[in-house]
Structure formats: C-alpha cells, structure tokens
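*Asks:* Got a structure here, written out as structure tokens. Questions coming.
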Amino acid sequence: MLSHQKYFGLINHKHENNENNKIFTTFLISISTFTSCLVEDNERTEDYDNGPNLIGFTSASTNVAGVANGDEYMFNLNMAGVGPTITESTEDVTVKVSVDPASTAIRGTHFDLSAEQVTLLASNNYINTFPLTMLTEGIQAPLDVDPYVILNITEVDSNGNFVNNGRTGSIKVNLLYLCFQIWLVIMLLQCAM
C-alpha cells in the first residue's frame, strides 16, 4: 500500500511541475511580446520628434448664433500651435487669415473681420483667438439657408519653425440667425437644464 502512495505522490508532483512549466512559459512569451512593442514605440517617437510644429484653428468647423435684432456679436475662434519642439521655441508667430471665396456669407452683410492677422505668443504657449463679428442689421430671421464663412490660414510667419496645419488650417463658421422667439425658447431651455 505504501508503494502505491509513493507512486501516486510522484505523479502528483510531476503534474505540479508541468503546471509550473506552463505558467513560466506563458510568462516568458508575454514578456517577449511587450519587449517587441517597446522597440516600435521608440521608432515612432523618433519620427515624431523630426516633424514640424503646426499652427491652426482648434477645430475645423463651428456654429455661432445671434438674434437678428440689429446687434453685432463678437466671437473668438480658438487657434493654437502644437508640435514636437514647441516648448523649445521662443519666437512669436504671426498668422494671416483670409476669407475663402467658397463662403456663402457676405462680408459687410453677414460678418466682418476686425483683423486679418493674429499673433500667437510664445509666452502664451502659442494659444490665441481670431475675432469674427456676426452682423444682424437688415437680416430677417429665420433664413431659408444659413450662410457660412470659411477662413483660411494663408501665411505663417515664423522663420520656418511653424507651418500651416493642413487639417485645421481652415475653419467653416456657420452663422445661425435667430428670431427673438426662438432665442427666448433657447434661453429658457438652458436655464431649465
């Protein structure tokens, strides 16, 4: 009887060793997989570090709204600089903006620009706003089709350290004209939330 217990004890001992080997093998495979991913991440970071700093609007489109009562509404469109060496840059960046001819809004009727350029300061982490004024004088709301203005960054003056961000180098601003009744409903809904 004793010999059978020793025999079964050896079998159980071998079974435990096999389980330990499986766990150890799984652990080694996992470690080797993580190591290979780290190499790829380093290569990608090196490529990123060689890229340019970009200047652009912070979104490609936005809506602005105002009650068509003859007032003018000022809106600030956010702009920012991003990039791999932006923290090392010390010069300010001047950005020129123009109205795209594909815009359906008419300058002087639907909107106006108080400036056509803006400076993004290094001391402000290359963050600034571009002013747009929505005009409502003579507008009868609601309009059949809301006009929009497309603003394009046409020039970035930074001695080559920053370039126009191709993805957000333009912004489409939809001008939404509200009549007083619609405006009142919107305000009441916002207060209720």
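*Asks:* Against the definition (in contact with a strand residue (DSSP E or B) (Cβ under 9 Å, 6 or more places away or on another chain), touching a residue at least 40 places away in the same chain (Cβ under 8 Å), among the hydrophobic types (A, V, I, L, M, F, W, C) and within 19 Å of VAL163 (Cβ to Cβ)), how does LEU54 come out, yes or no?
*Replies:* Values: in contact with a strand residue (DSSP E or B) (Cβ under 9 Å, 6 or more places away or on another chain): yes; touching a residue at least 40 places away in the same chain (Cβ under 8 Å): yes; among the hydrophobic types (A, V, I, L, M, F, W, C): yes; within 19 Å of VAL163 (Cβ to Cβ): yes.
Taking the combined requirement at face value, the residue satisfies it.
*Asks:* SER89 passes all but one of (1) more than 16 Å from the chain's Cα centre (by Cα); (2) over 18 Å from ASN159 (Cβ atoms); which number fails?
*Replies:* Of (1) more than 16 Å from the chain's Cα centre (by Cα); (2) over 18 Å from ASN159 (Cβ atoms), only one is false for SER89: (2).
*Asks:* Can you pull out the residues in region 119-163 that are buried (at least 19 other Cβ atoms within 10 Å of the Cβ) and in contact with a Pro (Cβ under 8 Å, 6 or more places away or on another chain)?
*Replies:* PHE162, the sole residue that qualifies.
*Asks:* So, PRO101, is that one assigned to a loop (DSSP other than H, G, I, E, B) and free of Cβ contacts under 8 Å to residues at least 24 places away in the same chain or not? Working first, answer last.
*Replies:* Values: assigned to a loop (DSSP other than H, G, I, E, B): yes; free of Cβ contacts under 8 Å to residues at least 24 places away in the same chain: yes.
It is true that PRO101 is assigned to a loop (DSSP other than H, G, I, E, B) and free of Cβ contacts under 8 Å to residues at least 24 places away in the same chain.
*Asks:* Moving on. Take the residues of region 98-107 that are over 16 Å from LEU176 (Cα atoms) and touching a strand residue (DSSP E or B) at 6+ places or on another chain (Cβ under 8 Å): which is surrounded by the fewest Cβ atoms within 10 Å (Cβ to Cβ)?
*Replies:* Filtering region 98-107 for residues over 16 Å from LEU176 (Cα atoms) gives 98-102.
Then drop every residue that is not touching a strand residue (DSSP E or B) at 6+ places or on another chain (Cβ under 8 Å), which leaves 98-100, 102.
On the way: SER98: 14, VAL99: 16, ASP100: 14, ALA102: 11.
Ranking the qualifying residues of region 98-107, first place goes to ALA102.
*Asks:* Give the residue that is most open to solvent (accessible area, probe 1.4 Å), with candidates limited to residues of region 67-97 that are part of a strand (DSSP E or B), at pLDDT 95 or above and over 24 Å from ASN125 (Cβ atoms).
*Replies:* GLU72
*Asks:* Pairs needed: first member in region 61-79, on the phi > 0 side of the Ramachandran plot; second member anywhere, open to solvent by 30 Å² or more (accessible area, probe 1.4 Å); C-beta distance under 7 Å; at least 6 residues apart or different chains.
*Replies:* Close Cβ pairs (under 7 Å, with a partner that is open to solvent by 30 Å² or more (accessible area, probe 1.4 Å)) amount to GLY70/GLU137.
*Asks:* Follow-up. Could you give me the residue pairs with C-beta distances under 7 Å whose first residue belongs to region 154-183 and is more than 16 Å from THR62 (Cα to Cα), whose second residue is of a type in the set (S, T, N, Q) wherever it lies, and which are 6+ apart or on separate chains?
*Replies:* Hits for this filter: THR154/SER98; VAL156/ASN164; ASP157/THR94; ASN161/ASN53; ASN161/SER89; PHE162/ASN53; PHE180/ASN69.
*Asks:* Is it the case that LEU143 is free of Cβ contacts under 8 Å to residues at least 60 places away in the same chain and either outside any strand (DSSP E or B) or within 18 Å of SER59 (Cβ to Cβ) (or both)?
*Replies:* yes
The values are calculated or read from the model by the stated rules, or taken from the named source; none is laboratory data. These numbers were taken from a predicted model, which means no experiment stands behind them. Neighbour counts run over all protein chains shown; Cβ positions are idealised from the backbone, glycine included. Quick note on the areas: whole protein, heavy atoms, side chains included, nothing else; ligands and nucleic acids left out. Shrake-Rupley method; radii C 1.70, N 1.55, O 1.52, S 1.80 Å.
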